[in-house]
Amino acid sequence: MMATKSPLNPPVQPVPAPDRDDGGSVVLERRTQKAKPPKLYQVVMLNDDYTPMEFVVMVIQEYFSKDLEAATQIMLKIHLEGRGVCGVYSRDIAATKVEQVMDAAHKAGHPLQCVSEPMAL
Ligand code: TYC
């Protein structure tokens, strides 16, 4: 027997139309398509007893695009607190900054250390 409209057989809800993006293409699985924002990484510089303050200020200006005043404040914070954030970048850019700073320090004969740390989401 055919199931037709009757008080015992209410009509089923219509299936909602699939979501569409701006280009009009059908989004089949929204969950697998949702892009997460890329993780950000802090480039943290560490204090030591030997690297000259002027060198640290110069490195912060050169590789982290800070002016003399901002670079000096960051250097003093590192000197007083042991570490300080010089900038926040994508993973690859942060890794490159660490390489550049360590390379410049090594070539100048200073033990300056710098690390990249993922930021908490
Ligand atoms: N502590 C160093 C000094 O007294 C200066 C310094 C600052 C070194 C910051 C490293 O990341 C650093 N010469």
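Any read-out appearing in this document is the output of simple, stated calculations on the displayed coordinates, not a laboratory observation. No experiment lies behind these values; they were computed from the predicted model shown. With ideal geometry, Cβ positions are generated from the backbone for all residues, glycine too; neighbour counts draw on all protein chains shown.
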- request: Out of the residues in region 49-80 that are more than 10 Å from the ligand (Cβ to nearest atom) and exposed (fewer than 12 other Cβ atoms within 10 Å of the Cβ), state the one that is nearest to the chain's Cα centre (by Cα).
  value: SER65
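One line per residue, one yes/no per condition, for (1) on the phi < 0 side of the Ramachandran plot; (2) out of contact with any helix residue (DSSP H, G or I) (no Cβ under 8 Å at 6 or more places or on another chain); (3) not charged (D, E, K, R):
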| position | (1), (2), (3) |
| --- | --- |
| PRO38 | yes, no, yes |
| GLN42 | yes, no, yes |
| ASP48 | yes, yes, no |
| GLU54 | yes, yes, no |
| GLU69 | yes, yes, no |
| GLY84 | yes, no, yes |
| SER90 | yes, yes, yes |
| ILE93 | yes, yes, yes |
| THR96 | yes, yes, yes |
field: All positions within region 89-99 that are under 14 Å from MET45 (Cβ atoms) and surrounded by fewer than 15 Cβ atoms within 10 Å (Cβ to Cβ)
entry: GLU99
- prompt: Among the residues of region 81-98, how many are among the charged types (D, E, K, R) and either in contact with a Cys (Cβ under 9 Å, 6 or more places away or on another chain) or within 12 Å of the ligand (Cβ to nearest atom) (or both)?
  reply: 3
